[in-house]
């Protein structure tokens, strides 16, 4: 197959240690290695990097959805293979990759290649360890899943540039029945060991699925979301009326004979599955549930923190942020308790755009303006900026009811598709004006777009580091990016600064409720009430958030843990370097190696400090 990922052999060799701020030698030393030995070392580094590339490529080759997200069209007509056979093959491939990796003498590699080796070894080892918990997941839920992925991939990522792309789109429509049969097999395997989403999820699953098969050609209404998308994309190809009609007719038949029946059959299966579901929400209810939750915490935070430690950290952070919020209450001359201030912020109309098409358009315009202004300040904080563009967009109607408050989609590998900050404007009362700044910074610039786009544009490091990464780093950077603009004078409106604190508070409260739900046996209602009592967010926000934490155990703990580590490392560098500290250099150290685990990030920052620290005159 003609893979469109270039071989790493065509890319620059791995960066030398001196190019990693803080990882270079103190002074240049004359080489004590003869030429043949030097060549052997160069060859070894090349061989290691070629292996990293091979491993990445082989994993991409097995994932049509990952290919599409990267802008690769090799398996543009296919979906993921969800079968047990595919999983076993993936596991066998991982064993093989690990054996190939361990055949390399890592101690003989240069600093950057050694780092890549360490990260790849960790990734492969963890993949094998994770196999134990393969069935401890919810392949469909209100946040994401195959049922909504079909439409979101086709609409947002499947670009149609020619007739072949259109044919691939139609092929994917016709492949939906097989995809859903495999999905049903996976859901049944989980149900047999008691892993079923709680009852509250099922109405969301039905709603999202029904939305996709509403409209023409399924009924007499306006075009369904998929038919409208296909027609719009094909119309841009400049084909003759006859060619265009043939393609649209083919897509229509695929929708009627493949997509519609697959979704209706899936809806029937959900009715049966719902009868087996219960109202207990935490993963503690599973066999070995406590061990599974600790595994999730370890993966999400890249630390060894226990559920009890996570819970206590959350309580401490909530108390600290409440104190900072009380200072803002005094600044705006609000008389009353903090909880009364929360109600004021929650219920006062001045803090919300109208729940109309005009109000939604105003929100998107204002969010774009915030990001555009932040672009003008980046030179104060960063040495490198992303090349890929980004846009602000509302979450599409077919998934807005169940999707999260906001999220980011990275640009395609070649930069032809921009990064997207999605704002969920389904209910404008859930999107207050005073949180707009922090939300835009987190999802856009200097947050996820800055970090993820820069990571995938890095040169001289393997692609698995450019396109993967640790959740604690990625979300920790996002939360850190909410604070960063305040340090250069933004958040001039005290209410907007309150919004920043409200979002930081939200992430701190997550530590409490996530561990409460999954380790301390809290009910869904108890967790929702905690958020209502301790944050200014509306009831809709609180219930949607708790439902998210239930189906994604541990993920919500990554944000605060990651941000605290970045701030701790920054303060350590400031203290050690004094006048030699440069915030731009620090950010370069953090960003230039991809989304590494927090312990690796600490090693990189420590090396940077040692490199920049003034040496003893003696």
Next item on the list: Please figure out what share of the DSSP beta bridges in the chain is antiparallel and state it in percent, rounded to the nearest 5.
Entry: 40 percent
Notebook entry, point to check: If you take the square roots of the eigenvalues of the alpha-carbon gyration tensor of region 241-302 and sort them as a ≥ b ≥ c, do you get rounded (a/c under 1.5), prolate (a/b over b/c) or oblate?
Noted result: oblate
Note to self: Starting from a Cα-only point model with no solvent, please compute log10 I(q)/I(0) by Debye for region 38-138 at q = 0.12, 0.13 1/Å.
What the structure shows: -0.49, -0.56
Next item on the list: Quick one: work out Rg over Rh on the C-alpha atoms of region 461-618, Rh as Kirkwood radius.
Entry: 1.05
Notebook entry, point to check: Going 7 Å from the Cα of residue 137 in the Cα-to-Cβ direction, what parts of region 269-312 have a backbone nitrogen less than 20 Å from that spot?
Noted result: 282-303
Note to self: Over the Cα atoms of region 292-562, each weighted equally, I'd like the Debye log10 I(q)/I(0) at q = 0.13, 0.17 Å⁻¹, rounded to two decimals.
What the structure shows: -0.89, -1.51
Margin query: Please compute, for the alpha-carbon atoms of region 179-327, the extent along each of the three principal axes and give them in descending order in Å.
Written below: 66, 47, 27
Note to self: Give me P(r) over region 403-511, computed from all C-alpha to C-alpha distances, binned every 5 Å, as integer percentages.
What the structure shows: 2, 11, 20, 23, 19, 12, 8, 3, 1, 0
Note to self: If you wrap a convex hull around the alpha carbons of region 536-612, what volume per residue comes out, as a whole number of Å³?
What the structure shows: 116 Å³
Notebook entry, point to check: In deg cm²/dmol, rounded to 500, what helix-only [θ] at 222 nm does the chain give when every DSSP H run of at least 4 residues adds -39500 (n - 2.57) and the total is split over its residues?
Noted result: -19000 deg cm²/dmol
Next item on the list: Using per-residue counts of other Cβ atoms within 10 Å, averaged over each peptide, order 163-174, 101-112 from highest down.
Entry: 163-174, 101-112
Item checked: region 233-253 versus region 554-618: alpha-carbon centroid distance in Å -> 54 Å
Checklist line | Square roots of 5 times each gyration tensor eigenvalue, C-alpha, the chain, largest first, Å | finding: 37, 34, 25
Notebook entry, point to check: Rg to Rh ratio, region 161-202, alpha-carbon atoms and Kirkwood radius?
Noted result: 1.26
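We did not get these values from a lab; they are worked out from the coordinates using the rules stated. Remember, predicted model here, so these are calculated numbers, not experimental data. All Cβ positions, even for glycine, are placed from backbone atoms using ideal geometry, and neighbour counts span all protein chains on display.
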